[in-house]
Amino acid sequence: VAVVLAAGLLGSGCAAAAHGPALTVRDSDGALLTQVPLPAPEFAVSYRNSLYGTVAEERYRVADDGRFGLVELAADQLAVLEEYYAVPGPVRPAPGGDRRSWVAEPADHPVFGELSIAATALGERTLHVPGHAPVPLPPLVTDGVTVVLDIEEM
């Protein structure tokens, strides 16, 4: 846990020197837990699906106005996409080098200004930003379980 916390803090320290958009994680009171620079307008949140027990991922694209929309779903188990998410179209094998085994378009493409999610140890929520080490969210949370994801200028 100490190594994960140190890595998260190091990432936060590096982020302060950069300029441009960053994915921020705040607690429910608004305190900044970490921020990760966005070298490209995309990021993902993976988690352990409570029904199937395998890892799934929601992938987002950031718009110029700082809002972000769900653009793709990915999972290690086909049933997560077909049954849990009930995707309307075909599920495809993920391309080589992908973190997950299967990908699909979501049924809807919701857009968020910010997104509140639970960051429990059981759910293993983790941020994935291109060019950065994965950021596990549970070690960042010290009070409650809710974190708020947002895009902010650094």
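The values are calculated or read from the model by the stated rules, or taken from the named source; none is laboratory data. Since the model is a prediction, treat every value here as computed from it, not as a measurement. Note that we place each Cβ from the backbone using ideal geometry, even for glycine, and neighbour counts take in every protein chain shown. Side chains are part of the model used for accessible areas, which takes the heavy atoms of the whole protein and leaves out ligands, DNA and RNA. Shrake-Rupley method; radii C 1.70, N 1.55, O 1.52, S 1.80 Å.
Using C-alpha pairs below 8 Å separated by at least 6 residues, the relative contact order for the stretch 88-150 is 28 percent.
Look at the alpha carbon pairs under 8 Å that are at least 6 residues apart: their mean separation over the length of the chain gives a relative contact order of 28 percent. Protein heavy-atom accessible surface, 1.4 Å probe, per residue over the stretch 80-148: 56 Å². Note on the chain: dipole from Cβ charges, positive end direction compared against Val129, Val148, Ser116; the farthest Cα belongs to Val129. Once the Cα atoms are used to define both axes, helix 2-17 deviates from the longest principal axis of the chain by about 70 degrees. Packing around the peptides 95-108, 138-151, taken as the average count of other Cβ atoms within 10 Å per residue, puts them in this order, highest first: 138-151, 95-108.
For the peptides 62-69, 34-41, what is the packing order when you average, over each peptide's residues, the other Cβ atoms within 10 Å and list the highest mean first? Let's see the in-between values first.
Values: 62-69: 13.9, 34-41: 18.5.
Listed from highest to lowest mean packing, they are 34-41, 62-69.
For the chain, which whole-number percentage of the solvent-accessible area (1.4 Å probe, protein heavy atoms only) is attributable to carbon and sulfur atoms? Answer for the chain: carbon and sulfur cover 57 percent of the accessible area.
Mean residue ellipticity, 222 nm, helices only, the chain: the sum of -39500 (n - 2.57) across DSSP H runs of n ≥ 4, divided by residue count and rounded to 500, is -3500 deg cm²/dmol.
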